[in-house]
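These notes concern the structure reproduced below.
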Amino acid sequence: MMSSRPRILVVEDMPSLQGYLAETLHDLGDVEVATAADGIAALEVIDAAQQPFNLLVCDISMPRLDGEGLLSELRKRRYPATAIMLTALGQDDVILRCLRLGACDYLIKPVTIDDLLTAAANALQHAPPLSAELNIEYDPHGWFEISGASDHSVLYKFRRFLSLLDKFKIPEPAASEIKLALEELGRNAIEWGNRNDRTKKVTFGCRLLPGKIIVYIEDEGAGFQPGAIPDPSLDPIAHIEHRKNAGKRLGGYGIHLIKHIMDKLIYNARGNRAVAIKYLDKGASTSSSSMQRG
């Protein structure tokens with residue numbers, strides 16, 4: 001929960017859409033919502049405010065100063081808000097630049113009520129501020145990599161990058177399985193690899209190739225021995241008791257789960273880098289699940 005009442009600034013040049021966004025965001029509950037018609041007006045509102053805004057919901061295409069220019073200025077100021085960008089379909093290059101400038105999320109117009117409320121709630125609770133230092137590499141043909149301080153906010157932003165791959169039409173259930181594997185691997189890297197140490201980095205990468213998708217996650221921790229991890233499905237009750245006694249969160253099924261939903265899971269010798277492969281054409285793989293060390 002946030003310690004103070006969230007403050008949201010809607011930046012949109014179309015009056016009807018601006019009103020729709022502001023009215024919808026009030027449905028989040030106890031929030032303050034202000035509005036501005038473009039980037040220049042937004043800076044004036046921000047400068048006049050007694051407290052910083054927690055979230056900006058900002059259109060990209062606006063007169064005088066567009067959303068990209070506004071993000072650039074706020075990033076120079078190390079402004080503590082996070083930002084959700086509104087964009088037209090097919091603007092991947094602009095979306096990428098905005099994400100590099102610190103935006104945590106983007107929504108494609110027309111924006112539905114459910115999508116807006118979900119994105120805003122997630123951004124207020126989990127997203128990194130504009131000033132967060134993240135290194136981002138992206139190839140629109142199906143490759144990207146993001147690295148940053150070992151924090152769940154970098155995992156949040158990686159999920160949004162993964163959504164850029166939706167245009168490649170990865171079929172279900174493969175798309176959901178890939179996202180689940182990334183979530184488990186990412187949490188393991190942050191919580192157990194780097195021990196939530198923000199001075200250490202975590203790197204997420206994804207590569208889409210003909211017939212398969214490859215994802216990898218690397219942390220800067222001491223590593224571990226994947227083969228030494230017991231199969232929790234053999235005795236679930238004992239597994240739960242062991243984690244409770246060790247002070248760990250409920251779960252621990254991550255590696256076992258990933259081995260069953262991905263076609264290959266490969267660790268380096270140190271155990272701090274995992275590569276998971278999903279074949280989109282099942283004929284490309286003779287085994288549905290395997291684990292190797294390299």
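The values are calculated or read from the model by the stated rules, or taken from the named source; none is laboratory data. Keep in mind it's a predicted model, so treat the numbers as computed, not measured. Every residue, glycine as well, gets a Cβ built from its backbone with ideal geometry; the counts of neighbours run over all protein chains shown.
Could you go through segment 29-52 and let me know if any residue there is within 23 Å of the chain's Cα centre (by Cα) and either on the phi < 0 side of the Ramachandran plot or free of Cβ contacts under 8 Å to residues at least 24 places away in the same chain (or both).
Here is the first cut: in segment 29-52, the ones within 23 Å of the chain's Cα centre (by Cα) are none.
No: zero hits.
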Legend entry - Within segment 24-76, considering residues that are in a helix (DSSP H, G or I), in contact with a Gly (Cβ under 8 Å, 6 or more places away or on another chain) and not charged (D, E, K, R), the one surrounded by the fewest Cβ atoms within 10 Å (Cβ to Cβ): Gly69
Inset, instruction - Consider Leu56 carefully, then state whether it is aliphatic (A, V, I, L, M) and either more than 24 Å from the chain's Cα centre (by Cα) or under 21 Å from Cys98 (Cβ atoms) (or both). - result: yes
Inset, instruction - Determine the pairs where a residue that is surrounded by 19 or more Cβ atoms within 10 Å (Cβ to Cβ), located within segment 249-268, has a partner that is modelled with pLDDT of 90 or more and in a helix (DSSP H, G or I) with Cβ atoms under 7 Å apart, the partner being 6 or more residues away or on another chain. - result: none
Inset, instruction - State all residues of segment 165-218 that are under 19 Å from Leu265 (Cα atoms) and aromatic (Phe, Trp, Tyr); if no residue qualifies, say none. - result: Trp192, Phe204, Tyr216
Inset, instruction - Can you work out which of the residues in segment 1-23 that are of a type outside the set (Ser, Thr, Tyr) and more than 18 Å from Thr87 (Cα to Cα) is surrounded by the fewest Cβ atoms within 10 Å (Cβ to Cβ)? - result: Met1
